[in-house]
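Notes follow once the structure below has been shown.
Computed from the coordinates by the stated procedures, all read-outs in this text should not be read as laboratory data. All values derive from a computational prediction rather than experimental measurement. Every residue, glycine as well, gets a Cβ built from its backbone with ideal geometry; the counts of neighbours run over all protein chains shown.
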Amino acid sequence: MLPPVHHFAISRASDALSLTVFAAMGVLMSLLAERHQRSQRAIAAYKSEMALREAEGLYRNLFNSMDEGFCIIEMIFDAEGKAVDYRFLEINAALKNRPGCTMPWGNGCVRLPLS
């Protein structure tokens, strides 16, 4: 058996006005809270992006100011797991400008035989 339903009646205009203002304040607070959460997420994403950019700048500065030649390569393997090629991902200025170096630099596969 269900409990009896009590009817809610507003007898005065001031009660109706108070209830309307109270409901409007609840909606406003909900909107403000949502806006605050979105702002906090945007600020966190911005700070993260700035930290990443700073770290990349420090890495790039170190990489390019080295006196020794340095590169990062990616090995390319065939279906059997045998190394068949490699690709230069990053090359610093010291290695690019090395006298007598005839290696083909670039981001594409170089197709040099590996022995």
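Two decimals is fine: what's Rg over Rh for the stretch 9-65, C-alpha atoms, Kirkwood radius as Rh? Before the final figure, lay out each step's value.
Values: Rg = 24.5 Å, Rh = 15.4 Å.
With Rg and the Kirkwood Rh in hand, the quotient comes to 1.59.
Would you work out if the stretch 22-102 is rounded, prolate or oblate? Take a ≥ b ≥ c from the square roots of the eigenvalues of the alpha-carbon gyration tensor; rounded if a/c is under 1.5, else prolate when a/b is larger than b/c, oblate otherwise. It would help to have the intermediate numbers written out before the result.
Numbers: a/c = 8.32, a/b = 2.47, b/c = 3.37.
Oblate is the answer for the stretch 22-102, as a/c is 1.5 or above yet b/c matches or exceeds a/b.
Amide H to amide H under 5 Å from residue 90: which residues, 5+ apart in sequence or cross-chain, H placed 1.01 Å off N in plane?
Amide H neighbours of residue 90: 72.
Using a 10 Å cut-off on Cβ atoms, rank the peptides 65-72, 83-90 from the highest mean neighbour count down. Intermediate results must be reported in sequence, preceding the final value.
Details: 65-72: 11.6, 83-90: 14.1.
Answer by packing, highest mean first, reads 83-90, 65-72.
Read phi for every residue in the stretch 74-82 and hand back ³J(HN,Hα) as whole Hz from Karplus 6.51 cos²θ - 1.76 cosθ + 1.60, θ = phi - 60°, with x for Gly and Pro.
Running phi through 6.51 cos²θ - 1.76 cosθ + 1.60 with θ = phi - 60° gives 10, 7, 10, 10, 7, 5, 8, x, 8 Hz.
List the residues whose amide H sits under 5 Å from the amide H of residue 85, counting only those 5 or more places along or on another chain, with H placed 1.01 Å from N in the peptide plane.
Amide H neighbours of residue 85: 76.
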